[in-house]
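Everything on this sheet refers to the single structure shown next.
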Amino acid sequence: MVKQNSRAVIFQERMNSGLEKLEQFAGEFPEVKEVWFATDFSMKDKKSLSTRIKENGVEKIIVAGRSPGELKSFVSASLADAGKNPEDLTLVSVNGTILSDGDLLSVFKAKILCAVKDVHFELASDSPGNEVNKKTLVIGAGIAGIQASLEIANAGIDVTLIEKTGTIGGHMAMFDKTFPTLDCAACILTPKMVEVGQHQNIELLTYSEVLDVSGEAGDYTVKVFKKTRRVDLATCIGCGDCTEKCPVNVPSEFDAGTTMRKAIYIPFPQAVPNKYILDGDNCTYVQKGKCGVCAKVCPVECIYLDDKDETIEIKVGNIVVATGFKTFDAEKVERFGYGKYPNVLTSLEFERLLNAAGPTGGSIVFRSKDKKGNGIFEANSDSPERIALIHCVGSRDENYNTHCSRVCCMYSLKMAHLVKEKLPDADVSEYYIDMRSFGKGYEEFYERIKKEGIDIIRGRTAKVEEKNGNLVLRSEDIEGMKLIEKEVDMVVLSVGLEPGEDSQKLAKSLNILTDDIGWFAELNSTNQTVNTVRGGIFVAGVCQGPKDIPDSVAQGSAAAARVIQSVINSKVKKGLSDLSYNDIETKVNELISTEE
Amino acid sequence: MEFEPKIVSFLCNWCSYTGADLAGTSRMKYASNIRVVRVMCSGRVDPTFVLKSFREGADGVLICGCHPGDCHYHEGNYKCLRRYHFLKKYMAQMGLNPDRLKLAWISASEGKEFAQLADEMAETIKSLGPCKVKEEMEIFD
């Protein structure tokens, strides 16, 4: 039995965002004498805390906060200084933003309860687990979702894979080469996509979105909004007569707007499923009731123009969330003139331009305008001779995003290499803040690129403007201690990664947490990297935080391992937010009484 | 009637077959003389495959693999390259024009390159005329 009035709880700082109640809660235990705040102590002076410990006769200290480990050495030293056992302290991690009332508050309360009563939280919160429905849902069919689906399906478990767009593949399908090996991205991805399309254990729902999730770990009911393709997948033969006749032209999402597509289209030639989609938002028939020429020319009559969207319900045991990211909107950084000058490109547009299956078949050319004034690329245009790549656009910048997007340095180096390969005489320059070549083989790749005659300059770019028909780039050169003003033909902005548009909505319906930026929060960044606060819901890929392709694949496999684990055990562990405070309290009392 | 050569082409599963597939799904037109045999890797192409193709009446043989460094089995395409040079020499010794055999690197995004390659190959073989190996070997049968 713990002695009364023998403990102190130190909060790292004043609690906010719905967690204020914790402060009062902690003080109400008979065992707790004092509630302090770390901000009241001077971290450099252990005396400030040790005198308080002595005065109040505190035997043990509980540290609670976002990262309580930061206080560990200070508190421990103070305890020793006060003549107490320096190991008598417990750390309680209280982090995460509350999405709906009470879901995590009770968990944090339970953690403090356990700390105060000297019971391990893991012991008190260990539940027998729920029965698990073997069927698994994977949300998002980018490389992480594809990897997770294949791993799970290859273990003999049924998978439903949901994808928002008309084809699986995600962002990786748009890339030309992967770094640092310079493998062709399509060579790795397309065989996997075909495998998903043909796998007997995978049910593919493209052009669909998750609306709502209810139920508990092991038995979730998911409402799926199936947008109509208006083309019957089973009968469409992919002949392409409809596309030829369609009068509507809109920028192609797959080509990042560098080419135009029709309202009835296949996202890209290697799409899975390789069948047409009628894009209702841009179709004149759907919007205004006129046209309908595609249905007239279709030789197999597989186009149903008046088809309606539907909502279906599926029951699953586990859910893997792999919804990916969106790239930073470069127009927000006005000083670089994206959207104003035609030859200032985002990296995604440049990626398509470099791609052998891209708008120009892989030749780097100036952007020109089509009849309607849309910026497009034509294979027979002139090639630029001076290309500048600007790093960290929309990343590591307090005005936009403070986080590092992790991939931009490497893909910029890769692009510089590919430019040199295609245009050996081109003058290629890169402007970076810090070169983050952190992965396996990345630093070696950087060293290799440095030897290829590319001007790699350290310094932030101030401005890109047009003077006498030329783009002029102004930057600093920190290592050369000077300012640069340079004429260039083309500027590529290495845009960063941001959470997807619907990620907040999805987090709400799944009832999982997001961090301050909007990435889905993992339970624990060191040993529960794919778990969330809800049992049976796992995260993989960039939706959890920026990462490159190898890491996304690894995380996809990791999430799959958790799913397979629960199916083999026929049990899925409850998540933190599924636990109730009262259950834990009963368990704690039980544990204490058995101890005595 | 114009001579329409038969060209047996061995395409690796990962890069070249997908590249040829891209040419098809992108609706590119290329010479219909190409007969595709899918192999898991260009390193799988045994020299006897090539010789057997000629023996059975092929007029040309095309081998396509991943670009150097891209091989999914690390070095299959290098092994293929070694055999290719050996085969070329051997073919010359056997009285077969080495130009009837061609090795090329095609990645999965190079549908257009594959279409061009197929057209060029068909042109080359057309200019060389029919390969008579099959008829001449019939004496031994």
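FYI, it's all coordinate maths here, none of it is from the lab. Not measured: the values here are computed from a predicted model. Neighbour counts are summed over all protein chains in view; Cβ atoms, including those assigned to glycine, are modelled from backbone coordinates with ideal geometry.
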Query raised in the report: Is it possible to state the helix-based mean residue ellipticity at 222 nm for chain B, with each DSSP H run of 4+ residues giving -39500 (n - 2.57), the sum divided by total residues, to the nearest 500 deg cm²/dmol? What is it?
Result: -13000 deg cm²/dmol
Report summary line: Expressed to one decimal in nm², the mean projection of the alpha carbon convex hull of chain A is 31.5 nm²
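Starting from the Kirkwood Rh over alpha-carbon pairs, what translational D in µm² s⁻¹ does chain B have by Stokes-Einstein at 37 °C and 0.692 mPa s? Walk me through the intermediate numbers first.
Working: Rh = 15.2 Å.
Translational D for this selection: 216 µm²/s.
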Report task. May I ask you to evaluate 6.51 cos²θ - 1.76 cosθ + 1.60, the Karplus curve with θ = phi - 60°, for each residue of the range A:394-405 and list the ³J(HN,Hα) values in order in whole Hz, giving x for glycine and proline? Result -> x, 10, 6, 9, 4, 6, 10, 10, 8, 7, 8, 7
Report task. Shielding by partners for A:351-361, please: the mean number of other protein chain Cβ atoms within 10 Å of each residue's Cβ. Result -> 3
**Report entry** the range A:327-497: C-alpha gyration tensor shape, a/c 1.5 cut-off, then a/b vs b/c
**Finding:** rounded
**Report entry** Dipole magnitude (debye, nearest 20) for the range A:228-308, charges at Cβ of Lys, Arg, Asp, Glu
**Finding:** 180 debye
**Report entry** Long-range HN-HN contacts of A:Lys326 with modeled amide H, under 5 Å
**Finding:** A:Glu498, A:Gly500
Query raised in the report: For the range A:530-581, what percent of Cα pairs sit more than 12 Å apart?
Result: 65 percent
Report summary line: Amide H neighbours of A:Leu211 at under 5 Å, excluding residues fewer than 5 places away on the same chain, with H built from the backbone geometry, are A:Lys223, A:Val224, A:Phe225
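Length gain on complete extension for the stretch A:Val2 to A:Leu591, per 0.36 nm per residue less the alpha carbon to alpha carbon distance?
210.7 nm
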Query - chain A - share of DSSP beta bridges that are antiparallel (%, nearest 5) - result: 50 percent
Query - Likely footprinting exposure, A:Tyr207, A:Tyr400, fewest C-beta neighbours within 10 Å first - result: A:Tyr400, A:Tyr207
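How would you rank A:Ile484, A:Ile390, going from fewest to most other Cβ atoms within 10 Å of each one's own Cβ?
By the 10 Å Cβ count, ascending: A:Ile484, A:Ile390.
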Report task. Please check which bits of the range A:346-372 a label hung off A:Asp397 would reach, taking the label as a point 7 Å along Cα-to-C-beta and the cut-off as backbone N under 14 Å. Result -> A:346-347
Report summary line: Rounded to the nearest whole number, the per residue volume of the convex hull around the C-alpha atoms of the range B:66-120 in Å³ is 67 Å³
Query - Anisotropy class of the range A:228-330 from Cα gyration tensor, a/c 1.5 cut - result: oblate
Query raised in the report: In what order do A:Ile152, A:Ile568 fall by count of nearby beta-carbon atoms within 10 Å, going from fewest to most?
Result: A:Ile568, A:Ile152
Requested in this report: For A:Ala462, list long-range residues whose amide hydrogen, built 1.01 Å from N in the peptide plane, is under 5 Å from its own amide hydrogen.
Outcome: A:Arg474, A:Ser475, A:Glu476
Query raised in the report: In whole Hz, what ³J(HN,Hα) sequence does the range A:420-435 give by Karplus (6.51, -1.76, 1.60; θ = phi - 60°), x for Gly and Pro?
Result: 4, 5, 8, 10, x, 8, 5, 8, 10, 10, 10, 10, 10, 8, 9, 8
Report task. Multiply the residue separation of A:Ala77 and A:Lys47 by 0.36 nm, subtract the distance between their alpha-carbon atoms, and state the gained length in nm to one decimal. Result -> 9.9 nm
**Report entry** Size-normalised alpha-carbon gyration radius of the range A:200-280, reference 2.2 N^0.38 Å
**Finding:** 1.36
Query raised in the report: Can you run phi through the Karplus equation (6.51, -1.76, 1.60; θ = phi - 60°) for the range B:54-69 and list ³J(HN,Hα) in whole Hz, with x for Gly and Pro?
Result: 5, 4, 8, x, 6, 9, x, 10, 10, 10, 10, x, 5, 4, x, x
Report task. Can you tell me the relative contact order of the range A:327-497? Whole percent, Cα pairs under 8 Å, sequence separation 6 or more. Result -> 28 percent
**Report entry** For chain A, calculated [θ]222 nm from helices alone, where every DSSP H run of n ≥ 4 adds -39500 (n - 2.57)
**Finding:** -8000 deg cm²/dmol
Report summary line: Cα-Cα longer than 19 Å, checked against A:Lys315/A:Lys571; A:Lys135/A:Lys573; A:Lys3/A:Lys84; A:Lys223/A:Lys308; A:Lys134/A:Lys226; A:Lys177/B:Lys112, kept in input order, equals A:Lys134/A:Lys226
Query raised in the report: What number, in percent, do you get for the relative contact order of chain A if the mean sequence gap of Cα pairs under 8 Å and at least 6 apart is divided by its residue count?
Result: 16 percent
Query - √(5λ) per eigenvalue of the Cα gyration tensor, the range A:461-596, largest first, Å - result: 50, 17, 15
Query raised in the report: Over the range A:442-554, what relative contact order in percent results from Cα pairs under 8 Å that are six or more residues apart?
Result: 12 percent
